[in-house]
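Worksheet: one structure, shown below.
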Amino acid sequence: MGRTIRGVIFSGALETMAPDDRAALQGARLADLVERLRKVDSPYWRVKLDGVGPVRGLEDLAALPFTVKSELRDTYPLGMLAVAPADCVRVHASSGTRGRPTIVAYTRGDVEVFAEVNARAIACAGGTPDDVVQVAYGYGLFTGGLGLHYGAERLGATTVPASGGNTALQLQLLADLGAAGLCCTPSFALLLAERAAARGVSGLRVRYGVFGAEPWSPALRTKLETAWSALAGGTFDACDIYGLSEVIGPGVAMECREGKGALHVFSDHFLPEIVDPSTGAPLGPGEQGELVLTTLTKQAQPVVRYRTGDLTSLVDEPCPCGRTFPRIARLTGRVDDMLVIRGVNVYPSEVEAVVLADPDVAGQYALVVDRSATLATLEVRCELAGDGDADRVADRLAARLAERLRVRVAVAVGPPGSLPRQETGKAKRVFDAADAPATG
Ligand SMILES: [Zn+2]
């Protein structure tokens, strides 16, 4: 676990291993994991591994059963523990969309891995031990704040635990403490950039962002990099971090600044597969499917072949940064984010990619779904970035969306700043017609 030069590749040799050596390590860890889980005295693990044959290495992975989100809910609060409760040093929770939250637990070793993978992630974006890193993800039960916090400390950076919200204070701290790194949701980064520009904040030295917890498009990256480069007077790298609490939290995979467009999966800890979402059959490189993850080293609450619900594909090309971790394409969305508009499948990320690619449009938008008719309809609401002809922009976007989505959607373009801004939490982009924000 080398602390290396300028934080460029944080874990050194572990991140640049030859693929065959890493496969051997993963195979040995997988075999150990299954043997350990067989010995756990718990109804959950007895049932899960019932009928599972010997696991010698990666070749036996596909014979293991999948794990799905509802198993965490059904075993609430801690029925999936693989250690004694007293060996846990922390829990996190994700808000339950259907009632109960799901709880995830960590041993001291798990917390160390959590810090290490987030240190790697910040280094992927360009972070170094000499940096000030401001963490503007929410702290608390949500994994974002504490995950990046301990990652930044492990990297050796000076960590500013700003948590979410309070844009005025955030901007003051960014300027006065001179943060090089900003960790937050991409929507919050956009809001901070808007407010900084509006207030004429000077003295910013931010060089990179570790942006995640929401799906976001390359078009939003362009907007973020343009805005922050202008504010801080230099280049700015907006990089995507991926994770989920069921696996560990942020730091499962990370985009590096040299190879934007795909994310390195830290596969010495989190073993990725891509499967067909309907059949569960494994898919090859380049084929889009559901990401499935197995935690190879997690102690307190491992998951075996966890169905993330996130859609992506394996990218089979070496990365110029030198890391040899496999990469996944930026996530197109979740299986359950899909909207059916006039009978056609539409992912919100596809809409974002079209709308935010228009230079006359600002970064804020909302998708309003009206389900009152037999076939649901969609209206896209967005804002002008500056002076512009709203009607002409709306016509242009409607045409581009029809071409990309193969379905007709309405577009309403308001003046700059006309949509409501959200200060905390994951950005809500999709609304039912009854409770949607109006433009202007
Ligand atoms: Zn890379």
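Per residue, how many Å² of accessible area does the range 384-439 show with a 1.4 Å probe?
On the way: 3390 Å² over 56 residues.
Here the residues of the range 384-439 average 60 Å² of exposed surface.
Around Arg207, under 9 Å between beta carbons, what's the net of Lys plus Arg minus Asp minus Glu among the other residues?
-1
Given a 1.4 angstrom probe, what's the average accessible area per residue across the range 247-322, in square angstrom?
On a per-residue basis, 28 Å².
In a GNM of the chain with a 10 Å cut-off on Cα contacts, which of Arg381, Arg323, Arg90 has the highest mean-square fluctuation?
The residue that fluctuates most here is Arg90.
Compute the distance from the alpha-carbon center of the range 21-43 to that of the range 230-289, in whole Å.
Between the Cα centre of the range 21-43 and that of the range 230-289, the gap is 23 Å.
Give the Rg/Rh ratio for the range 185-243, taking Rg as the radius of gyration of the Cα atoms and Rh as the Kirkwood radius, to two decimals.
Dividing the radius of gyration by the Kirkwood radius yields 0.95.
Using the basic label-point model (7 angstrom from Cα toward the beta carbon), what is the Glu112 to Phe66 distance in nanometres?
With each label point 7 Å from Cα toward Cβ, the separation is 3.5 nm.
Quote the Stokes-Einstein diffusion coefficient, in whole µm² s⁻¹, for the range 202-277, based on the Kirkwood radius over alpha carbon pairs, a temperature of 25 °C and a viscosity of 0.890 mPa s.
179 µm²/s
Probe radius 1.4 Å, ligands and nucleic acids ignored: give me the carbon and sulfur share of the accessible area of the chain as a rounded percent.
So the carbon and sulfur contribution to the accessible surface is 53 percent.
Give me the net charge for the shell around Asp432: Cβ to Cβ below 12 angstrom, other residues only, Lys and Arg +1, Asp and Glu -1.
-1
Step through the residues of the range 279-286 one at a time and calculate ³J(HN,Hα) from phi using the Karplus curve (6.51 cos²θ - 1.76 cosθ + 1.60, θ = phi - 60°), rounding each to whole Hz and writing x for Gly and Pro.
Coupling constants for the range 279-286: 9, x, 6, x, 10, x, x, x Hz.
Nearest 5 is fine: what % of DSSP beta bridges in the chain come out antiparallel, could you say?
Percent antiparallel among DSSP bridges in the chain is about 65.
Too long at a 27 Å Cα-Cα cut-off: which of Lys39/Lys426; Lys260/Lys426; Lys69/Lys223? The partial results should precede the final answer.
Working: Lys39/Lys426 39 Å; Lys260/Lys426 22 Å; Lys69/Lys223 34 Å.
Beyond 27 Å: Lys39/Lys426; Lys69/Lys223.
Residues of the range 334-377 with the amide nitrogen closer than 15 Å to a label point 7 Å from the Cα of Ala410, along Cα-to-Cβ, please.
In the range 334-377, the label zone of Ala410 (backbone N under 15 Å from the point 7 Å along Cα→Cβ) covers 342, 366-377.
Quick one: 3J(HN,Hα) in Hz for the range 425-432, Karplus 6.51/-1.76/1.60 with θ = phi - 60°, rounded, Gly and Pro as x.
x, 6, 4, 8, 10, 10, 10, 7
Just to be sure I understand: of the beta bridges DSSP finds with both ends in the range 338-435, what percent are antiparallel, rounded to 5?
Around 55 percent antiparallel, to the nearest 5.
What percent antiparallel are the DSSP beta bridges of the range 92-248, to the nearest 5?
Working: 3 of 18 bridges.
Of all bridge pairs located within the range 92-248, approximately 15 percent are antiparallel.
Given R₀ = 35 Å, what would the calculated FRET efficiency be for Lys260 paired with Arg342, taking r from the Cβ atoms and rounding to 0.05?
0.55
Top mean-square fluctuation among Ala121, Ala28, Ala84, Gaussian network model of the chain, C-alpha springs under 10 Å?
Ala84
Grab the alpha carbons of the range 154-256, take their convex hull, and tell me the volume per residue in Å³.
103 Å³
Label point 7 Å out from Ala18 along Cα-to-Cβ: which residues of the range 43-64 have amide N under 20 Å?
So the set is 58-59.
Rounded to the nearest 500 deg cm²/dmol, what is the calculated helix-only ellipticity per residue at 222 nm for the chain, with -39500 (n - 2.57) per DSSP H run of length n ≥ 4? Don't jump to the answer; show the numbers that get you there.
On the way: 10 runs with 126 residues, N = 440.
Result for the chain, helices only: -9000 deg cm²/dmol.
Given the C-alpha centroids of the range 45-109 and the range 130-195, what is the distance between them in whole angstrom?
The range 45-109 and the range 130-195 have Cα centres spaced 30 Å from each other.
Across the range 1-334, what fraction of all alpha-carbon pairs, as a whole percent, falls in each successive 20 Å bin from zero upward?
Over the range 1-334, the share of Cα pairs per 20 Å bin runs 32, 58, 10, 0 percent.
For the pair Asn166/Thr222, report the inter-label distance in nm, with labels modelled 7 Å from Cα in the Cβ direction.
So the label points at Asn166 and Thr222 sit 3.6 nm apart.
Quick one: the Cα spread of the range 338-435 along its three principal axes, in angstroms, biggest first?
Dimensions of the range 338-435 along the principal axes of its Cα atoms: 38, 32, 20 Å.
Connecting C-alpha atoms closer than 10 Å in a GNM of the chain, tell me which of Asp21, Asp276, Asp268 has the biggest fluctuation.
Of Asp21, Asp276, Asp268, the most mobile in the Gaussian network model is Asp21.
Provide the packing ranking of 341-354, 424-437, i.e. peptides ordered by the mean count of other C-beta atoms within 10 Å per residue, highest first.
Working: 341-354: 18.5, 424-437: 14.5.
So the peptides 341-354, 424-437, ranked by packing, come out 341-354, 424-437.
Packing-wise, with mean Cβ within 10 Å as the measure, how do 58-70, 35-47, 167-179 rank, highest first?
167-179, 58-70, 35-47
The values are calculated or read from the model by the stated rules, or taken from the named source; none is laboratory data. Bear in mind the structure is a predicted one, so any value in this text is a computation, not a measurement. Glycine also receives a Cβ, built like all others from the backbone with ideal geometry; neighbour counts cover every protein chain displayed. For the accessible areas, the whole protein counts, side chains as well, though only heavy atoms, and no ligand, DNA or RNA atoms are used. Shrake-Rupley method; radii C 1.70, N 1.55, O 1.52, S 1.80 Å.
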